[in-house]
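The values are calculated or read from the model by the stated rules, or taken from the named source; none is laboratory data. Just so you know, these numbers come straight off a predicted model, no measurement behind them. In this analysis, Cβ positions are derived from the backbone assuming ideal geometry, glycine residues included, and neighbour counts consider all displayed protein chains.
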Amino acid sequence: MSRDLPPTLQDEVERRITSPGWLVEFLFPGGPARFSSRGDVAVLGSDWVGINLDVDGVSFQGANAATTVTIRMGNADNSIGALLLSEGIAGVPTRVWVFYGDTPTEDETQLAFYGQALGSRIPEGPVLVTASPRGRSILRLPNRYITKENGYSILPARGAKITVNGEVYVALPEE
């Protein structure tokens, strides 16, 4: 059984070494940030800014087969680090597409990952963002309050202080 390949993928297959191109999208509350590993491109109805970019941990068994992915982004002028620090990356919906060739078309891109950013490391050199596919289902859950009526039988005492990621939450006092 034969299968026709898009021209850019056929060109990549004929090369001795093939490496995928990546499109990475972070859906920040202030607006999306879109990056490409193959220079500035316009695809999927958006403009993507070319940066030094690589993705590790993507499984091609489906968009969410990977447990976590690591997105490595160049940060020579500190602009990527500044973006992540100012917008905050933890919890941000994240999508990764893969393609072959230099100028992808919509038909040649494949969604390889969809999840939620867990956090970042901003050492000297490239910025590292880790993301988990588990986040996608968490983001889509309907809002539920943690109450005994909703099935939570062990709750902290009212007025108890709970610290999560450096923020302090206080359980509501009795009314």
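Inspect the range 100-112 for any residue being modelled with pLDDT of 90 or more and of a type in the set (D, E, K, R) and give the result as yes or no. Among the residues of the range 100-112, not one is modelled with pLDDT of 90 or more and of a type in the set (D, E, K, R), which makes the answer no. Here's a check for you: in the range 10-27, which residue that is under 25 Å from the mean Cα position of the chain (by Cα) and surrounded by 17 or more Cβ atoms within 10 Å (Cβ to Cβ) is modelled with the lowest pLDDT? Among them, the one singled out is PRO20. For the residues ALA82, ALA76, ALA42, the requirement of being surrounded by fewer than 17 Cβ atoms within 10 Å (Cβ to Cβ), among the hydrophobic types (A, V, I, L, M, F, W, C) and assigned to a loop (DSSP other than H, G, I, E, B) singles out ALA76.
You will find that of ALA117, ALA66, ALA82, the residue that is among the hydrophobic types (A, V, I, L, M, F, W, C) and at pLDDT below 90 is ALA66 and no other. Checking each residue in the range 36-62 for being hydrophobic (A, V, I, L, M, F, W, C) and farther than 17 Å from GLN116 by Cβ picks out VAL41, ALA42, VAL43, LEU44, TRP48, VAL49, ILE51, LEU53, PHE60.
The number of residues in the range 92-113 that are assigned to a strand (DSSP E or B) and either crowded, with 18+ Cβ neighbours inside 10 Å or in contact with a Gly (Cβ under 8 Å, 6 or more places away or on another chain) (or both) comes to 9.
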